[in-house]
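The values are calculated or read from the model by the stated rules, or taken from the named source; none is laboratory data. Bear in mind that the values here come from a model prediction, so they are computed numbers and not experimental data. Cβ atoms come from the backbone with ideal geometry, glycine included; neighbour counts cover every protein chain shown. These accessible areas exclude ligands, DNA and RNA; they are computed on the full protein's heavy atoms, side chains included. Shrake-Rupley method; radii C 1.70, N 1.55, O 1.52, S 1.80 Å.
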Amino acid sequence: MSLDGRYDADNIFAKIIRGEIPSVKVFEDEKVLAFMDVFPQSRGHALVISKVSQARNLLEVEPEALAELIAATQKLTRAVVAALKPDGVVVTQFNGAPAGQTIFHLHFHVIPRYEGAALGRHGEGGMADVEELKALAATISAAL
């Protein structure tokens, strides 16, 4: 899929926002949602999405929605660092399929990095255990 196109209201993140598909939430408010990635690249990998914007990528997002989204991403990153004590953290965002984007609803990844632990491939790892994700989410939420 190219950088240009129409927003698909049936993408998986839109369905999560509407409550049609479950997610393991870390926090949410009326404008943003942070939840655990079910195909994590690392222990504690989480995502942040806008609940109000239908931007497919960074090029399409409204500045106000982006400001709230990046503030929520910083909030999540701080909580991940405080809760999980990683050696580093990657915050990333992809625009277009050739760049690695697989879900065309703007989102940020917060990926803890641990010294000596290999990073999984984006969108290609096995599905995580939901109970483990719930425990991680609770630990991260407690650090907010």
### Task
For residues that are open to solvent by less than 20 Å² (accessible area, probe 1.4 Å) and touching a residue at least 60 places away in the same chain (Cβ under 8 Å), scanning just the range 66-85, find the one that is nearest to residue 143 (Cα to Cα).
79
### Message
Checking residue 100 against (1) buried (at least 17 other Cβ atoms within 10 Å of the Cβ); (2) at positive phi: exactly one of these is not met. Which one?
### Response
(1)
#### Entry: Candidate set: the range 105-141, residues that are β-branched (Val, Ile, Thr) and open to solvent by less than 40 Å² (accessible area, probe 1.4 Å); chosen: the one farthest from the chain's Cα centre (by Cα)
140
### Task
Can you tell me which residue within the range 32-65, out of those that are free of Cβ contacts under 8 Å to residues at least 40 places away in the same chain and either assigned to a loop (DSSP other than H, G, I, E, B) or not acidic (Asp, Glu) (or both), is surrounded by the most Cβ atoms within 10 Å (Cβ to Cβ)?
33
### Message
Kindly evaluate residue 88 against the criterion of being open to solvent by less than 60 Å² (accessible area, probe 1.4 Å), at pLDDT 95 or above and touching a Lys or Arg at 6+ places or on another chain (Cβ under 6 Å).
### Response
yes
### Residue match in the range 67-83 (condition: part of a loop (DSSP other than H, G, I, E, B) and hydrophobic (A, V, I, L, M, F, W, C))
no
### Query
Mind checking which residues of the range 33-63 are under 20 Å from residue 78 (Cβ atoms) and touching a His at 6+ places or on another chain (Cβ under 9 Å)?
36, 37, 41, 45, 46, 47, 48, 49, 50
### Query
When you scan the range 9-31, how many residues do you find that are assigned to a loop (DSSP other than H, G, I, E, B), surrounded by 15 or more Cβ atoms within 10 Å (Cβ to Cβ) and over 12 Å from the mean Cα position of the chain (by Cα)?
2
